[in-house]
Amino acid sequence: MHSGIINGNKTSKTHKEINITVGINRTHLNNYYSIIMAHNCETCKFRAHYDKKPDSLLGKFWRWHINFCPGWKGYFTSQSEEKKAELREKYNFTKY
C-alpha cells in the first residue's frame, strides 16, 4: 500500500493501482514519441554520424539505440516495404 499527500489531499494506492497508472503513462508516452519524433529520424545527427563512421562510439550508440527507440519504431513502421527493406539491409535491422 502506498500513501502520500498530493495537492493537500491524502491518497492511498495499492501497488497494483500504481503499476497500472505507470503502464498507462508509459504507453501514452511511447505513442507520443512515435507520432512526434518519427520524422526527426531523417535528419538525426547521430544517424548521419553512423552513416559516416559506423564503428565510432557514437555510431555504435545510435545503432544500439534504434533497437528500442519509439521514434525509430514510428519512423520505420511508417515507411513503404521497399524503404523498410533498404533500411533493414543498411542498418542490419531485423525488428518490426
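When the residues of segment 54-70 are narrowed to those that are among the charged types (D, E, K, R) and within 19 Å of THR43 (Cα to Cα), which ends up farthest from the chain's Cα centre (by Cα)? Ranking the qualifying residues of segment 54-70, first place goes to LYS60.
Selection within segment 43-53: residues that are out of contact with any helix residue (DSSP H, G or I) (no Cβ under 7 Å at 6 or more places or on another chain) and without any contact (Cβ under 8 Å) to a residue 12 or more places away in the chain. The member of this set that is nearest to TRP72 (Cα to Cα) is THR43. Of all residues in segment 71-89, exactly one satisfies the criterion of being farther than 14 Å from GLU42 by Cα and of a type in the set (Lys, Arg), namely ARG88.
When residues in segment 76-96 are screened for being under 20 Å from TYR50 (Cα atoms) and assigned to a helix (DSSP H, G or I), 10 of them pass. Taken over segment 24-69, the criterion of being at pLDDT 95 or above, farther than 19 Å from THR94 by Cβ, open to solvent by 50 Å² or more (accessible area, probe 1.4 Å) and not in a helix (DSSP H, G or I) is satisfied by LYS53, ASP55.
The values are calculated or read from the model by the stated rules, or taken from the named source; none is laboratory data. These numbers come from a predicted model, not from an experiment. Glycine gets a Cβ as well: all are built from the backbone with ideal geometry, and neighbour counts include every protein chain shown. Side chains included, ligands, DNA and RNA excluded: accessible areas come from the protein's heavy atoms. Shrake-Rupley method; radii C 1.70, N 1.55, O 1.52, S 1.80 Å.
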